[in-house]
Amino acid sequence: MAEDGDVVWHRLHPVTVIRELLSLLWNFAAALVVSRGVGDFEVGPEFLGLSLGVEDILAVVFLGIGFIRYLATRYAVTDQAVMFRRGVIFRSRTVLPRDRIQNVTIGADLVARIFSMQTLTVSSAGSEGEIELAVVSKTVARQLSAELTATSTINGAANGDGLAGAVIGDQAPTSPPLVAAPGAAHPGGSTDTQLATSPDVSPGAPLDGPMPRTLAPWYAMNNRDFLRFALTSNAVGAGVFFGVVSIASLIVLDQFFGFFFVIGIAAPIVLVLDLFGFAATTDGDRVRVQHGMFSTREKWARLERIQLGDVRRPWLRRRFGFETLAIATADVTESANGQFDLCAPVVPVDSWRDRFATLGLSTDLDEDALVDVSPITVRRRTIRGASLPVLALGVLSLVVDSTAMRAMIVMAMPMVVMAAWMLARRSFRVDGWALGGGHLLVRRGLFDERLLLVRLEKVQSVSVTSTFFQRRLGLASLNVDTANVGVTTTIPDLVRDEAERLSFALMIAANTTVLVDGV
Amino acid sequence: MSLPEAALRVMRLGWIVAAVVSFLVLAGVDIALRLALDATPPTPPVLVAIVVGACIAGFGWWWGGRVYRAWRIDLDTERLRVDHGVVVSRTAFVPRTRIQHVSTEQGPIQRALGLTSLTVHTAGARTPNVEIPHLEIATAESLRQELVGRG
């Protein structure tokens, strides 16, 4: 291994060549197919008495590529980071600081198992944040995994900026760290063992160790709430629409569209099955959500992993005085499942503050504190909303033959502009933002409203974008990126200077908080 | 900090290559049609291909310059700031405490010019990567060490 201050690069085990060749198999097969189209021929230096066919040449070429790839792949482990470099024509190099390591996984795919080797994968919470060492010997895998998952690594004492050390020390594990256990065989023929670099790294499962505290009821959907949700949901609305269309076509046209009728029936049934028995419970550290009729789904999330609270108000639901609450978490072990989704499908409007407070999302901000975006946005949105319809009407007016029709089309143009203006004003009144007390509150929408409560400590990055037309109007949009998937926080059409000031404020707030594992 | 001058060459080179490819394709089509149809169109041979290729090259020369000038990188004790974009200008701010890891990638043309691309990775879901193209190798290495420490 590397000594302090030195970088010593290591090669993977030579068995890796076989793995590289297998990964090139499809390319080799495709090349063979193409060569068949070219035709059979033989080449070779006559003086050696060789006569090589196309397949022989291709095999040599691909063997060479596999071997060169192996030679070009190296890794290094220092007291600061794990580094990996790969590629000949396009060379890549990844540097993963040791205090950002989330998981170290030891596995064995088919090639590794045949030769009694292993693959070691080091992951961070970042995108494309995996370094896969395939293949290495079992000894190397054992040594590396022990070194990279050691407590001193987690504390990051070597990196000198005091990042993770204080945090981990303050968050002493309440349960013993997860230890390597024999992995279960996977359908793909690989065997994986995951070593956590910090306790309770997976928010998707109950904690091991001491008995969890008692889970107190947080939300339980009764039949009346379910009916409210169903009658105001888009899925049921679409289903009813399709059902009505199919029945109407039967009566009027004597034609039954069975497909639409099935959708009309299926949508409500799917809703019933999925949300039946919806209930959420919490113990102050975690929240558990259960729902489902025949197949009950249970999801857990750690409250400290909540990135933002999401309040959804479809216009019909809002008209009846209800809203839907959801939370978005960062699940770094299953990045495809980072969206936690619903935690309370139907609650009275404006009850989100009290509800979220019990999940650790406590804020003094409310909708009265929202600041408007720039009023210039009304002009921009009107132009954006009206330009295409007006253009289409203009083209239509040139095409129609009837003078009366043409006159009607021309008269419709200002009405389209007026409608676009009214919608732009409506969305301007809804949009707003507020910053304070460690949170950012953003409201967006037109008829369906959406409120996002973002924890500033969870901000990963901020970007300010400005299109060509926004720049002409002195406007910019602010995008706040957190570790959850599915929900994005955007404040559109701020004055450019305001966007920059807000981004700096978010930077300062993000930098003052050190996150465990960076999420 | 701006991108090095060699980056401008790379950005323009892409458009030049596109212009050459367009010329070859159009010229080939022109000649093939003349031969196949045994006809004599009003324009001289491959003139259209030359004009189109020249237009693409000219536009690419100008556009490459605009894209190059839009790139700015700034690193302080708090955050990394990256500005880029012409039609849609973008400014990305990444707090230094949120950087997960850093990777570099170098293609053959970049290697010939002593350049490399640097990508900063965060745990963000919407814009997890901030990529800075065509930095000088020494600058990229220095930036990498600043962001994630000495490797």
Work out, in µm²/s and without decimals, the Stokes-Einstein translational diffusion coefficient of segment B:64-151 at 37 °C, 0.692 mPa s, Rh from Kirkwood over C-alpha pairs. 242
For segment A:276-419, what is the convex hull (Cα atoms) projected area averaged across all directions, in square nanometres? 14.6
For peptide A:450-459, what's the mean number of Cβ atoms from other chains within 10 Å of each residue's Cβ? 1
Per the helix-only calculation at 222 nm, which mean residue ellipticity applies to chain B, given -39500 (n - 2.57) for every DSSP H run of n ≥ 4 and division by its residues, nearest 500 deg cm²/dmol? -16500 deg cm²/dmol
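Which chymotrypsin sites (Phe, Trp or Tyr not before Pro) does segment A:416-519 hold that lie in a coil by DSSP with at most 15 other beta carbons within 10 Å? Display every interim value, and only then the final one.
Working: sites: A:Trp421, A:Phe428, A:Trp433, A:Phe447, A:Phe468, A:Phe469, A:Phe504; in loops: A:Phe447.
Within segment A:416-519, the qualifying chymotrypsin sites (Phe, Trp or Tyr not before Pro) (loop, at most 15 other Cβ atoms within 10 Å) are A:Phe447.
Report, in debye and to the nearest 20, how large the dipole of segment A:283-391 comes out about its Cα centre when Lys and Arg carry +1 and Asp and Glu carry -1 on their Cβ.
Working: 17 positive and 16 negative charges, 134 e Å.
Charge dipole of segment A:283-391: 640 debye, to the nearest 20.
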Less than 16 Å from a label point 7 Å out along the Cα-to-Cβ axis of B:Val88: which backbone N atoms in segment A:471-495 qualify, by residue? A:471-472, A:475-481, A:488-494
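Taking the beta-carbon count within 10 Å as an exposure proxy, list B:Cys55, A:Cys343 from fewest neighbours to most.
Values: B:Cys55 12, A:Cys343 26.
Lowest to highest Cβ neighbour count: B:Cys55, A:Cys343.
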Could you please state, rounded to a whole Å, how far the C-alpha centre of segment B:105-151 is from the C-alpha centre of segment A:228-247? 51
So what's the gap between the Cα centers of segment A:461-518 and segment A:269-326, to the nearest angstrom? 28
Ratio for segment A:86-154, C-alpha Rg to 2.2 N^0.38 Å, reads 1.17
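Tell me, what is the FRET efficiency for A:Ala248 and B:Asn129 to the nearest 0.05, using R0 = 56 angstrom and their Cβ-Cβ distance as r? Could the numbers behind the result be given before it?
Working: r = 51 Å, r/R0 = 0.90.
Taking R0 as 56 Å, the efficiency between A:Ala248 and B:Asn129 is 0.65.
Taking K and R as +1 and D and E as -1, what net charge do the other residues with C-beta under 14 Å from the C-beta of B:Ile109 add up to?
Working: positive: A:Arg91, B:Arg9, B:Arg12, B:Arg111; negative: B:Glu105.
Combined, the nearby Lys, Arg, Asp and Glu give +3.
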What is the distance in Å between the Cα centres of segment A:343-420 and segment A:55-85? 54
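Can you give the direction-averaged projected area of the convex hull of the alpha-carbon atoms in chain B, in nm²? Please report the intermediate quantities before stating the final value.
Working: hull surface 47.0 nm².
The directionally averaged projection comes out at 11.7 nm².
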Within 10 Å of each Cβ in peptide A:88-94, how many partner chain Cβ atoms are there on average? Round it to a whole number, please. 6
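Return the Rg/Rh value of segment A:413-519, two decimal places, where both radii are evaluated on C-alpha atoms and Rh is the Kirkwood radius. List each step's numbers first, then the result.
Details: Rg = 15.7 Å, Rh = 15.1 Å.
A ratio of 1.04.
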Computed over segment B:1-75, the distribution of all Cα-Cα distances in 5 Å bins, rounded to whole %, is 3, 16, 19, 15, 12, 10, 8, 6, 5, 3, 1, 1, 0
If you count, for every residue in B:79-92, the Cβ atoms of partner chains within 10 Å of its Cβ, what is the mean? 5
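Read the figures in this text as sums done on the coordinates, not as results from a lab. Just so we're clear, the structure is a prediction, and the values are computed from it rather than from any experiment. So basically every Cβ, Gly included, is an ideal-geometry build from the backbone, and we count neighbours across all protein chains shown.
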